[in-house]
Each structure stands twice: as structure tokens, then as C-alpha cells.
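Heads up: the structure comes next, in C-alpha cells.
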Amino acid sequence: QVQLVESGGGLVQTGGSLRLSCAVSGRTFSTYAMGWWRQAPGKEREIVAHISRNGGTTYYPTSVKGRFTISRDNAKNTLYLQMNSLKPEDTAVYYCAATTRSSPTYNPSGYNYWGQGTQVTVSS
């Protein structure tokens, strides 16, 4: 079975940085386009970044554009999210997810596999 395991979350002050990692096992990593999502208590899950199978195309919503960078190392079967200039509103549980769809999707129902999540807390 496919397993996704996030790491790298923690507590950081406003303006600080964190790098999240997602290790993927099972089916060949390069088969999947990947996304990072986050969910704060009482709020809907929202996408923060998406990357194509070979890393050639990325997407970011306005809320994080210019601050977050998604990348992947297919040789290591690992997905990354570099988060800079963090704000308190970035506080959430962050999830990595994989999709086998041939076209981009920004709806959580479009993703086949999900990790367990890692907590990111940004203090003022």
C-alpha cells in the first residue's frame, strides 16, 4: 500500500521559516502529482501548493504565493514544502497528498492518498 509520512512541523515565531518533508513509499513516486494542504480548527481544508509529476509545474494560492515553495526529489521519493515569512494565520495541520489524475486538481477529493499530518504553529 502507499504510505505518506510528513515531518518537520513545529513551533516558530512570526517571520520565521520551516521546511516540511513527506516521505512516500509503495508505488513509484514519480507516478503521482503531489500537493500540500492545511486545515485549521473549524475551517475547511485548503490547498497551499501543487506540483506536477516531474516538478516542472507548480501552483500556489494567493495566500502563500511568494512565501512558500514546493519541490520534489523523485530519486529520494520525497516531497518538500519550504515555508518562509510565516504568519500566525499559517497555523494549521499540514498534509501531503498524492493524485494519479492526469490533469491538475485543487479539490481534496481529487487526491488518492493522504499523510497523517504535521502541526505547524506560528506565534506572534
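Given the protein chains as shown and a 1.4 Å probe, how many square angstrom of LYS43 are accessible, to the nearest 10?
About 130 Å², rounded to the nearest 10.
In the stretch 36-117, what is the volume of the convex hull around the alpha carbon atoms, normalised per residue and reported in Å³?
102 Å³
For the stretch 1-85, which GluC sites (Glu not before Pro) are both in a DSSP coil and crowded by at most 10 other Cβ atoms within 10 Å?
GLU44
In what order, largest first, do ARG72, ARG101 sit by accessible area if the probe radius is 1.4 Å?
Output order, biggest surface exposure first: ARG101, ARG72.
In whole Å, what is the distance between the alpha-carbon centres of the stretch 66-124 and the stretch 1-62?
Rounded to whole Å, the Cα centres lie 2 Å apart.
Name all residues of the stretch 76-113 having a backbone nitrogen under 18 Å from the label point set 7 Å from the Cα of SER123 along its Cα→Cβ direction, giving them as ranges.
Counting backbone N atoms under 18 Å from the label point, the list is 85-93.
Where the accessible area of the chain is counted over protein heavy atoms with a 1.4 Å probe, how much of it, in %, is carbon and sulfur?
The nonpolar share, carbon plus sulfur, comes to 46 percent.
Under 18 Å between alpha carbons, and skipping anything fewer than 8 positions from LYS87 in its own chain: which lysines qualify?
Result set, ordered by chain and number: LYS43, LYS65.
The values are calculated or read from the model by the stated rules, or taken from the named source; none is laboratory data. Please read all numbers here as calculations on a predicted model, not as lab measurements. Note: ideal-geometry Cβ built from the backbone for every residue, glycine included; neighbour counts use all protein chains shown. Calculation scope for accessible area: heavy atoms of the full protein, side chains included, ligands and nucleic acids excluded. Shrake-Rupley method; radii C 1.70, N 1.55, O 1.52, S 1.80 Å.
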